[in-house]
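Have a look at the structure below, then the notes.
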Amino acid sequence: MYSFPKQEHLCSKKLLDELFNRGHRFMVFPYSVHWALCQADELPPQVVAQVLIATSKKKFHHAVDRNHVKRLTRECYRLHKPELIHYLQDNGHKLLLAINYIHPQVFNYSTLYRKFDKLIPQLIREIDKTISKNASCTQ
């Protein structure tokens with residue numbers, strides 16, 4: 001449950017276009033989060049969420065710094081993932097998610113971990129809000 005295997009990495013150009021064209025967005029400083037619910041047949045059967053973790057080359061000129069930020073972010077996501085996965089499985093949803101680090105300086109791991117304590121519940125609230133809004137529109 002606490003792993004982050006390759007099949008959970010968002011790499012498909014088609015899915016990335018779908019995420020950024022029709023997805024939703026919110027901010028939890030220092031992260032910008034793009035997300036979209038997708039159809040069950042778009043992802044492998046055992047995968048509930050695919051995630052892209054990105055950092056701007058414009059903000060971090062050196063690859064060492066970009067890799068460090070992405071490594072910290074991946075670890076924070078990996079430890080917070082069970083909460084999100086349980087929510088998605090309980091409600092029968094599949095998710096595309098992009099987490100982009102937007103601050104020009106690197107925060108320490110404990111700060112980023114606390115930011116994920118806010119980010120995952122915020123994501124769940126956003127999903128619930130969108131689903132309830134869509135349900136009220138179709139009735």
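Brief remarks on what is shown
- Matching option when the condition is surrounded by fewer than 16 Cβ atoms within 10 Å (Cβ to Cβ) and either under 21 Å from Glu126 (Cβ atoms) or modelled with pLDDT under 90 (or both), among Tyr113, Tyr101: Tyr113
Yes or no, residue by residue, for (1) free of Cβ contacts under 8 Å to residues at least 40 places away in the same chain; (2) in a helix (DSSP H, G or I); (3) acidic (Asp, Glu); (4) over 14 Å from Pro30 (Cα atoms):
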position	(1), (2), (3), (4)
Asp65	no, yes, yes, yes
Glu75	yes, yes, yes, yes
Pro82	no, yes, no, yes
Leu95	no, no, no, yes
His103	no, no, no, no
Tyr113	yes, yes, no, no
Phe116	no, yes, no, no
Ile127	no, yes, no, yes
Asn134	yes, yes, no, yes
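- Single residue of Val28, Val51, Val64, Val69 found to be over 30 Å from Ser132 (Cα atoms) and surrounded by 17 or more Cβ atoms within 10 Å (Cβ to Cβ): Val69
Rundown of residues vs (1) assigned to a loop (DSSP other than H, G, I, E, B); (2) within 20 Å of Arg114 (Cα to Cα); (3) of a type in the set (D, E, K, R), yes/no style:
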| site | (1), (2), (3) |
| --- | --- |
| Tyr2 | yes, yes, no |
| Phe20 | no, no, no |
| Phe26 | no, yes, no |
| Ala36 | no, no, no |
| Val47 | yes, no, no |
| Phe60 | yes, no, no |
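- Leading residue by the ranking (farthest from Ile99 (Cα to Cα)) among those in the range 1-60 that are of a type in the set (Gly, Ala, Ser) and touching a strand residue (DSSP E or B) at 6+ places or on another chain (Cβ under 9 Å): Ala40
The values are calculated or read from the model by the stated rules, or taken from the named source; none is laboratory data. Keep in mind that what you see is a predicted model, and the values were worked out from it rather than measured. Note that each Cβ is placed from the backbone with ideal geometry, even for glycine, and that neighbours are counted across all protein chains shown.
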